[in-house]
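These notes are about the structure you will find just below.
The values are calculated or read from the model by the stated rules, or taken from the named source; none is laboratory data. The model shown is predicted, which means the values in this text are computed figures rather than measured ones. All Cβ positions, even for glycine, are placed from backbone atoms using ideal geometry, and neighbour counts span all protein chains on display.
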């Protein structure tokens, strides 16, 4: 996502990472009990994953996370004025890339005189699932997170 954000920054597209909570708390990264702890967890995530985009940290009670759907890895594209142009339950860089290119093209067409009107579309998309990479991410939180996930989702 950082590479995509860098690619479209010159077109006036901003990108932020919103750190909401630890989806799978464990011994190393437990459930947040203070904003100081939450800020430290966000900084560790930034450093470990090399996140270059600005990271916004949600309130301790998760108000932003709840307001935007409570899924663990969502992506939203908001147009100027706050109009929701895209939302995904799970972040997929290829899908976000395609959506941004679509909206940038629509903006170019509008500026050149095309009479475009908005419409809503909903579609099912498929993303690659890398279970091993996901489990490595769980390991970051600690053995408790791995154990609880495997108990909830065996196989």
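Given 100, 77, which one is surrounded by 13 or more Cβ atoms within 10 Å (Cβ to Cβ) and not in a helix (DSSP H, G or I)?
Unique residue meeting the criteria: 77.
Just for the stretch 1-13: of the residues that are in contact with a helix residue (DSSP H, G or I) (Cβ under 8 Å, 6 or more places away or on another chain) and assigned to a loop (DSSP other than H, G, I, E, B), which one is surrounded by the fewest Cβ atoms within 10 Å (Cβ to Cβ)?
13
Could you list, in sequence order, the residues of the stretch 88-97 that are modelled with pLDDT of 95 or more and surrounded by fewer than 16 Cβ atoms within 10 Å (Cβ to Cβ)?
97
Where the second residue is assigned to a helix (DSSP H, G or I) and at pLDDT 95 or above and the first is surrounded by 12 or more Cβ atoms within 10 Å (Cβ to Cβ) and lies in the stretch 27-45, which pairs have Cβ atoms under 6 Å and are six or more apart or on separate chains?
29/41; 32/38
Conditions first: (1) out of contact with any helix residue (DSSP H, G or I) (no Cβ under 9 Å at 6 or more places or on another chain); (2) under 19 Å from residue 17 (Cα atoms); (3) in a helix (DSSP H, G or I); (4) without any contact (Cβ under 8 Å) to a residue 40 or more places away in the chain. Residue 65 passes all but one, so which condition is the exception?
It fails just one condition, (4).
For the stretch 121-149, which residues satisfy the criterion of being closer than 25 Å to residue 88 by Cα and either in contact with a strand residue (DSSP E or B) (Cβ under 9 Å, 6 or more places away or on another chain) or in a loop (DSSP other than H, G, I, E, B) (or both)?
121, 122, 123, 124, 125, 126, 127, 128, 129, 130, listed by residue number.
Could you please let me know if residue 24 is surrounded by 16 or more Cβ atoms within 10 Å (Cβ to Cβ) and free of Cβ contacts under 8 Å to residues at least 40 places away in the same chain?
No: the conditions fail for residue 24.
Regarding the stretch 56-71, can at least one residue be identified that is within 13 Å of the chain's Cα centre (by Cα) and under 21 Å from residue 3 (Cβ atoms)?
Yes: the stretch 56-71 contains one or more residues that are within 13 Å of the chain's Cα centre (by Cα) and under 21 Å from residue 3 (Cβ atoms).
Taking the stretch 133-155 as the region of interest, how many residues are over 17 Å from residue 73 (Cβ atoms) and either touching a residue at least 60 places away in the same chain (Cβ under 8 Å) or surrounded by fewer than 10 Cβ atoms within 10 Å (Cβ to Cβ) (or both)?
8
Please name all residue pairs, on different chains or six or more residues apart, with Cβ atoms under 9 Å, provided the first residue is in the stretch 88-102 and is touching a residue at least 60 places away in the same chain (Cβ under 8 Å) and on the phi < 0 side of the Ramachandran plot and the second residue is part of a helix (DSSP H, G or I) and buried (at least 16 other Cβ atoms within 10 Å of the Cβ).
Taking only residues 6 or more apart or on different chains, the pairs are 93/4; 96/4; 97/4; 97/8; 100/4; 100/8.
Across the stretch 73-87, what is the total count of residues that are over 15 Å from residue 15 (Cα atoms) and either touching a strand residue (DSSP E or B) at 6+ places or on another chain (Cβ under 7 Å) or in contact (Cβ under 8 Å) with a residue 60 or more places away in the chain (or both)?
0
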